[in-house]
């Protein structure tokens, strides 16, 4: 049984959903999980609305930055145990080959960045995305990871993505 696991959340821009997921998992999964986020085409900037959701939840946004998934595919990258895509674009893109063949799942979450409307509508979209991620991460953390075989674990990860 491993004492800790590395998790990577992927999205296209790495500016909102994957950043929020990283903050949630780093708090709720500590010390058993070390979490990272990245994007296939990072924007280079974290959305202030995502940072606001993180801070309102009492989580740390220290070190949050938009970065490329290339940082996690090289020889010096942490060995990943789980890779979750949290947006439709990242799920449909060709992902790097991750050393060690981590478990992967698609946990699609509507893009709050794409919402156009009043400040209240935009805020609601970010709150909804944060809530979905928080719920899925909580479900993931309830799994008896060490006692599940690979196939059962993969089924559970896929089921969580449909929640």
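The values are calculated or read from the model by the stated rules, or taken from the named source; none is laboratory data. Quantities reported herein were computed from a predicted structural model and do not represent experimental measurements. Here the Cβ is made from the backbone with ideal geometry for all residues, glycine too, and neighbour counts use every protein chain on show.
Within the stretch 43-54, residues that are over 17 Å from residue 128 (Cβ atoms) sit with their Cβ atoms under 8 Å from residues that are assigned to a helix (DSSP H, G or I) and at pLDDT 95 or above, at 6+ positions apart or across chains, in these pairs: 46/19. Tell me which residues, restricted to the stretch 1-23, are out of contact with any strand residue (DSSP E or B) (no Cβ under 8 Å at 6 or more places or on another chain), touching a residue at least 60 places away in the same chain (Cβ under 8 Å) and surrounded by fewer than 24 Cβ atoms within 10 Å (Cβ to Cβ). Once the filter is applied, which keeps residues that are out of contact with any strand residue (DSSP E or B) (no Cβ under 8 Å at 6 or more places or on another chain), touching a residue at least 60 places away in the same chain (Cβ under 8 Å) and surrounded by fewer than 24 Cβ atoms within 10 Å (Cβ to Cβ), the stretch 1-23 yields 1, 2. When the stretch 133-163 is filtered for residues that are in contact with a helix residue (DSSP H, G or I) (Cβ under 6 Å, 6 or more places away or on another chain), within 20 Å of residue 4 (Cα to Cα) and at pLDDT below 95, only 143 remains. Where helices (runs of 4 or more DSSP H) sit wholly within the stretch 1-92, those with at least 2 residues that are touching a helix residue (DSSP H, G or I) at 6+ places or on another chain (Cβ under 9 Å) occupy 17-28, 48-56.
Residue 113 meets all of the listed conditions (1) at pLDDT below 95; (2) touching a helix residue (DSSP H, G or I) at 6+ places or on another chain (Cβ under 9 Å); (3) surrounded by fewer than 16 Cβ atoms within 10 Å (Cβ to Cβ) but one, namely (3).
Here residue 33 meets each of (1) modelled with pLDDT of 90 or more; (2) more than 15 Å from the chain's Cα centre (by Cα); (3) surrounded by 15 or more Cβ atoms within 10 Å (Cβ to Cβ) with one exception, condition (2).
Among the residues of the stretch 69-76, are any buried (at least 19 other Cβ atoms within 10 Å of the Cβ), touching a strand residue (DSSP E or B) at 6+ places or on another chain (Cβ under 6 Å), in contact (Cβ under 8 Å) with a residue 24 or more places away in the chain and more than 14 Å from residue 20 (Cα to Cα)? Yes: the stretch 69-76 contains one or more residues that are buried (at least 19 other Cβ atoms within 10 Å of the Cβ), touching a strand residue (DSSP E or B) at 6+ places or on another chain (Cβ under 6 Å), in contact (Cβ under 8 Å) with a residue 24 or more places away in the chain and more than 14 Å from residue 20 (Cα to Cα).
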